[in-house]
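Beneath this line is the structure, given in structure tokens, with notes to follow.
Here, each number is a calculation from the coordinates, and none is a lab measurement. Computed from a prediction, not measured in an experiment: that's the story for all the values here. Note that each Cβ is placed from the backbone with ideal geometry, even for glycine, and that neighbours are counted across all protein chains shown.
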Amino acid sequence: MCCVVDDEIQSATTLGRLAYTMPSVVDIMGTKDWSAVSTHYLANQEADFKFEIKVANTAEATNTACDEDKTGPCTVSFNLEYTPLLFDVTPNQVYWDQEIDVLVNPMKAQSAITAEMDPVVFIKLDGTRCDSEGFIDYQTRFSSTFLMGGLKTRAGDQLPGKQEPEVRFRVGNAYKMESSKHCNFAGDDCWYVKTHPKIDSISAVDGYLTGGQTLTIGGWGLKAEKLEDVEVTVDGVACKVTSSTLESITCVTGAAAAVSVEGPQPGHHGLKQRIIDPEDPDKGPYWGMFTDEQHPVVETKLLTGFENSYGNYSRAAADAKGWFKAPETGRYKFHTSCYNYCRLYMDETKFAAPSADAVAWTTLANEGSNRGWRNYLLPPTMDPTTENTYVSDWISLEAGEYYQLKGEAMHWDGTDHWTVSVEFEKASTEGHHHSNKAVQRLQIENEIEFEKFNITVKNAHGGKYQMKFVNPLYDPNVRGS
């Protein structure tokens, strides 16, 4: 079997990366989907594949083959267990210099390197390196083989648009699982990661009704192919763009019919998050920290997804606030998953105009059981104000309307995480990619993830129980079925 030398290696020999490049097992077996390979071969406990090499000498138009009695030096061994699996990039909507988590199962990638080596060569988005300085070095290791973990990095200077992630381990590229792809609510636009323009500064914070004021907006990714493709509005009034570069936009404001109204109102995509330090190392955070103003806010940042992934804070309180825009009229459920404690609130009154009035928050979920990351497979309890309730009741919302949403979380032992997901009551939505691969339009696939079930035995008599789980497709005459 001849092999294309220019292909990037995605698997490796049992001794580490090859001295020359080879195609992946997926390419050799003639399938694009890794899971198609794993379902058939791993189910039969065959993770190793061996191929004989024949080198084509195009200059002499002959083939150089190994002798039949010398198969050792002429055999390449591929092992699926050395191909790391990329499950997700969170958040999947990012801007320049934003911290992101790349969620991978390292498989046996760590066992193929020495203690002095970085396990990861680079992380890229569409060929442009991310900034992993301070996050990944020779001491970076996953807690366990075959368990999913996170690699932290920062988005680089990628231009706005759809980006395909590439994670290069020492043993080769991580394979992108289907769960790493995301789609919009309609399901007609999909991506792995989207990068967006970032605004760092605006030259003025107020102006005149008459307009005519020149504004300079600073940031990154602010240039389009044509100047007319760049649009700026100030309080809903067009600001005429006069110049646009990657790092700045200049525009002239238009006349406004009325003064700006102060008060909370929907803005651009994202949630504003605060990180509050409890200061006392002997005491954990408490719910009152979010309102009593007794402790410093040590960080304020923009979240582009309602999630904090693994291991961000060893002892802190975090809150996030923003607006939920209902994509369709119907009923919605909100799901929470966190470690250690978190709460979720919503003002079910749709936004009409900025107001200084107090918000009528409704408690949607109250989580305090130290659950696993993105784990929603638990039954809800009754009262979210007093008990652990991981899923809200169905809430009726109107398409295109904005509803205030906020969350609060407390962490104190370094294994923190916090995720909020949404479910929409809609029929015939199988196969849709939800951003958290968890609730909305759920589809379960074989991705080497252990499922968890809670079984409640009613009217227990104190004796022993025996449970047997049988695959409906099981055939005792077919190995691995």
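Applying both filters, DSSP loop and at most 11 other Cβ atoms within 10 Å, to the GluC sites (Glu not before Pro) of region 288-334 gives GLU293. Convex hull volume of the Cα atoms of region 85-196, normalised per residue: 93 Å³.
Could you give the distance between the Cα centres of region 277-325 and region 336-357, to the whole Å? Between the Cα centres of region 277-325 and region 336-357 lies a distance of 15 Å. The ellipsoid that matches the Cα gyration tensor of region 201-281 has semi-axes, each √(5λ) in whole angstrom, of 29, 20, 11, with the longest given first. Under 5 Å from the amide H of TYR95 lie the amide H atoms of HIS196, each residue being 5 or more positions distant or on a separate chain, with H modelled from the backbone and absent for Pro and chain starts. Remark: for residue pairs LYS181/LYS226; LYS152/LYS176; LYS194/LYS350; LYS124/LYS226, the C-alpha separation exceeds 20 Å in LYS181/LYS226; LYS194/LYS350; LYS124/LYS226.
Which of the chymotrypsin sites (Phe, Trp or Tyr not before Pro) found in region 271-337 are in a DSSP loop and have at most 15 neighbouring Cβ atoms, other than their own, within 10 Å? The qualifying sites are TYR286.
Taking other residues whose beta carbon is less than 10 angstrom from the beta carbon of ALA317, and scoring Lys, Arg as +1 and Asp, Glu as -1, yields -1. Loop-located GluC sites (Glu not before Pro) across region 147-229 with a Cβ neighbour count of 13 or fewer within 10 Å are GLU225, with loop assigned by DSSP. Each of THR128, THR419 was scored by other Cβ atoms within 10 Å of its Cβ. Listed from fewest to most, they are THR128, THR419. Per residue, the convex hull spanned by the alpha carbons of region 106-159 comes to 88 Å³. Using a simple spin-label model with pseudo-atoms 7 Å out from Cα toward Cβ, HIS269 and ALA360 lie 3.2 nm apart. Annotation: amide H-H contacts under 5 Å for ALA365 (H modelled 1.01 Å from N, sequence separation of 5 or more, or interchain): LEU344. Our coupling estimate for region 172-188, obtained by passing each phi through the Karplus curve with A = 6.51, B = -1.76, C = 1.60 and θ = phi - 60°, is x, 6, 6, 8, 7, 6, 4, 5, 7, 9, 10, 9, 6, 5, 6, x, 10 Hz, Gly and Pro reported as x. The Rg/Rh ratio for region 210-253, using Cα coordinates for both the radius of gyration and the Kirkwood hydrodynamic radius, is 0.95.
For region 154-161, backbone phi angles converted through the Karplus equation (6.51, -1.76, 1.60; θ = phi - 60°) give residue-by-residue couplings of 10, 4, x, 8, 5, 6, x, x Hz, Gly and Pro being listed as x.
Considering all C-alpha pairs of region 128-243, those separated by over 18 Å amount to 68%. Cβ-Cβ distance of LYS162 and ALA352, R₀ of 30 Å, FRET efficiency by 1/(1 + (r/R0)^6): the value works out to about 0.30. THR300 to LYS226: FRET efficiency via 1/(1 + (r/R0)^6), r the Cβ-Cβ distance, R0 30 Å, to the nearest 0.05? Here the calculated transfer efficiency is 0.30.
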